[in-house]
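No lab work stands behind these numbers, since they all come straight from the coordinates. Predicted, not measured: the structure shown is a model, and the values here were computed from it. Cβ sites come from the backbone with ideal geometry, for glycine too, and all protein chains shown count toward neighbours.
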Amino acid sequence: MRALPFILIFISLVTFVAGQLLFKRAMETSIKFGFRKDFLKVFLPGVGAMTVSFFLTLGLLQKFDLSFIYPFQGLSVIIISLAAAVLLREKLSGQLLFGALLISLGVIFVSLS
Amino acid sequence: MTPAKQQSLSRPVEEAPPARAFSTLLGNPFVQIGLNALVVTASELFLKLGARQTANLNQSLAWTGITGLASVWTWLGILCVILSLVSWLNILRQIPLSIAFPLSNVVHVLVPLTSWLFIGELISPRRWLGITLVLVGLVIVAKPFARIEEKL
């Protein structure tokens with residue numbers, strides 16, 4: 001039972017990251033093919049993933065303090081940069097990763113207090 | 001650096017005439033990230049003001065947050081949320097997610113600062129440290145792009 005909040009936090013993070021990646025992929029599709037079927041095929045799952053993440057976070061916020069839930073959101077910065085490099089083949093420099101790591105840490109400190 | 005130079009980084013194919021400098025500036029994805037962060041910050045402040053104004057309404061429905069809709073501030077907040085999503089998608093059309101997303105975290109600096117300035121919330125030493133870390137990280141992420149722009 002103790003693990004449940006962390007599982008929910010994990011799912012809310014994964015769906016948030018998935019949503020952002022799908023949004024990015026959808027916008028790339030829109031450049032090539034416009035806002036048509038191919039765009040919606042990627043965009044709507046993105047909206048779905050974001051919706052799941054939103055309500056999971058809302059549910060967690062009803063039971064826990066913001067300062068417990070929110071620091072995990074800070075991790076999304078570093079996770080999204082890595083996922084974009086692996087799944088969307090974006091170029092990733094050491095400098096970009098270091099900057100993303102500092103931002104992640106900063107967000108965690110901002111939300112802890 | 002001039003707006004025209006910034007534009008040449010983001011959209012090499014388009015060369016805007018000087019008379020359209022303003023729209024060129026708005027076309028720059030890094031300027032858009034700044035504006036997006038301002039709209040997100042505004043939405044958070046408006047939603048907080050809306051929540052504060054409606055905190056004492058019908059308690060049986062309060063847990064859903066739906067009572068917040070009684071305040072004009074909440075509607076302003078929702079409008080800003082929609083605006084920010086559209087602008088975010090427009091940013092993603094132009095630059096990699098691995099750069100755009102870290103930079104969008106400038107909101108974690110703007111929200112505490114504006115909450116401190118406009119609605120009188122306090123900022124603890126730990127939060128000041130976090131704000132500083134985010135700012136340093138933002139500079140490190142954005143700097144390579146500033147350097148490319150200088151060369152152009």
| request: Would you compute, for the Cα atoms of the range A:59-113, the largest minus smallest coordinate along each principal axis and list the three values in descending order, in whole Å? | output: 39, 21, 6
| task | Quick one: dipole size for the range A:19-80, taken about the Cα centre, charges +1 on Lys/Arg Cβ and -1 on Asp/Glu Cβ, in debye to the nearest 20. | result | 320
| message | Using +1 at the C-beta of Lys and Arg and -1 at the C-beta of Asp and Glu, which of B:108, B:86, B:57 has the Cα lying farthest in the positive direction of the dipole of the protein assembly as shown? | response | B:86
| ³J(HN,Hα) computed for each position of the range B:36-45 - Karplus, 6.51 cos²θ - 1.76 cosθ + 1.60, integer Hz, glycine/proline x | 4, 4, 5, 5, 4, 4, 4, 4, 4, 5
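Do me a favour and compute the ellipsoid semi-axes for the protein assembly as shown from its Cα gyration tensor, root of five times each eigenvalue, largest one first, whole Å.
Details: eigenvalues 192, 91, 88 Å².
Listed largest to smallest, the semi-axes of the protein assembly as shown are 31, 21, 21 Å.
In what order do A:37, A:24 fall by count of nearby beta-carbon atoms within 10 Å, going from fewest to most? Write out the running numbers ahead of the final one.
Numbers: A:37 9, A:24 27.
In increasing order of surrounding Cβ atoms, one gets A:37, A:24.
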| field | Cβ charges +1 (Lys, Arg) and -1 (Asp, Glu), total dipole of the protein assembly as shown, debye | value | 400
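In Å, the Kirkwood hydrodynamic radius of the range B:18-138 over pairs of distinct alpha carbons? Mind showing how you got there, number by number?
On the way: mean 1/r = 0.0621 Å⁻¹.
One over the average 1/r among Cα pairs gives 16.1 Å for the range B:18-138.
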| With all pairs of different alpha carbon atoms counted, what Kirkwood hydrodynamic radius in Å does the range A:4-112 show? | 14.9
